[in-house]
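Chemist: Right, I'll just put the structure down here and ask away after.
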Amino acid sequence: MRGLFVTATDTGVGKSVLSAALLAAMAAAGEPVRAYKPVVTGLDDAREIAARGAWPPDHELLASVAGMQPEQVSPLRFGPAVSPHLAAELAGTRIELEQLLDTARSLASGHTLVVEGVGGLLVPLNERETVCDFAAALRLPVVIAARSGLGTINHALLTLRAARAAGLDVRALVLTPWPRRPDVIERSNRETLTRLGQVEVVTLEHIRAPAPAELALAGARLPWAKWLRDG
């Protein structure tokens, strides 16, 4: 399977925008791509809808740059803004890891697959398995989205530790959104995470609108081809 797994230090830190930028850049470069975010929650939550502003829900955003239907990107869609295991429980169903893996394998056939996780690595999918278990089973190189400002060092280093303990191959940490004029904290965070995390730290600029061309331009500045090749 060829592709990348995109996770994050927390929910709402920009992993969907990062995933969309990667997909758009790959597609613009002629790469046959598919997107997969197996579970999306919060579709009916008023606060989630307001927070998105002009941006569409994650599965619609990814579908728009991958040339897919939103329901192909996210087969499991839930209204409440809760953890996937609870969303499934409230809907009277259960998320099965093998089903997620089967869908990933099908989408990956003949394509480069960008898989976006749900929240952080230790978010539960059911009573026994987490997003980390899903990532480990896929065996794709991992890219981690993180905030650039205060608080990101602890969250990022904890995520790196959890990923490596599970045997995940972390290729990079992406700080986003990265300002045009980073302040002393942001510059220090980048240096500190590179040194303490022993990981490549790159940045993704603020993307103003969910236009494929704008996403592709930002994504083209990321070394995604190297991440794929090294994998």
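Chemist: Under 13 Å from a point 7 Å along the Cα-to-Cβ line of VAL82: which residues of segment 93-119 have their amide N that close?
Modeler: Residues 93-94 fall inside that zone.
Chemist: A further question follows. Evaluate the distance, in nm, between pseudo-label points positioned 7 Å from the Cα of GLU191 and of ALA166 along their respective Cα→Cβ axes.
Modeler: The modelled label-to-label distance comes out at 3.2 nm.
Chemist: Right, here's the next one. Based solely on its DSSP helices, what 222 nm [θ] is calculated for the chain when runs of n ≥ 4 H residues each add -39,500 (n - 2.57) and the sum is averaged over all residues, nearest 500 deg cm²/dmol?
Modeler: Theoretical 222 nm ellipticity from helices: -13000 deg cm²/dmol.
Chemist: So how far apart, in nm, are the two label points at GLU127 and LEU150 if each is 7 Å from Cα heading toward Cβ?
Modeler: 4.2
Chemist: Just in segment 60-139: which GluC sites (Glu not before Pro) are loop by DSSP and have at most 14 other Cβ atoms within 10 Å? It would help to have the intermediate numbers written out before the result.
Modeler: Numbers: sites: GLU60, GLU71, GLU89, GLU96, GLU98, GLU116, GLU127, GLU129; in loops: GLU96, GLU127, GLU129.
Here the sparse-neighbourhood loop sites are GLU96, GLU127.
Chemist: Please turn the phi angles of segment 121-136 into ³J(HN,Hα) values with the Karplus equation 6.51 cos²θ - 1.76 cosθ + 1.60 (θ = phi - 60°), one per residue in order, whole Hz, x for glycine and proline.
Modeler: Per residue, the Karplus-derived 3J(HN,Hα) values read 5, 8, 5, x, 8, 8, 6, 10, 10, 10, 4, 4, 4, 4, 4, 5 Hz.
Read the figures in this text as sums done on the coordinates, not as results from a lab. Since the structure is predicted, the reported quantities are computational estimates derived from the model, not experimental observations. Cβ coordinates were reconstructed from backbone atoms using ideal geometry, including for glycine residues, and neighbour counts include every protein chain displayed.
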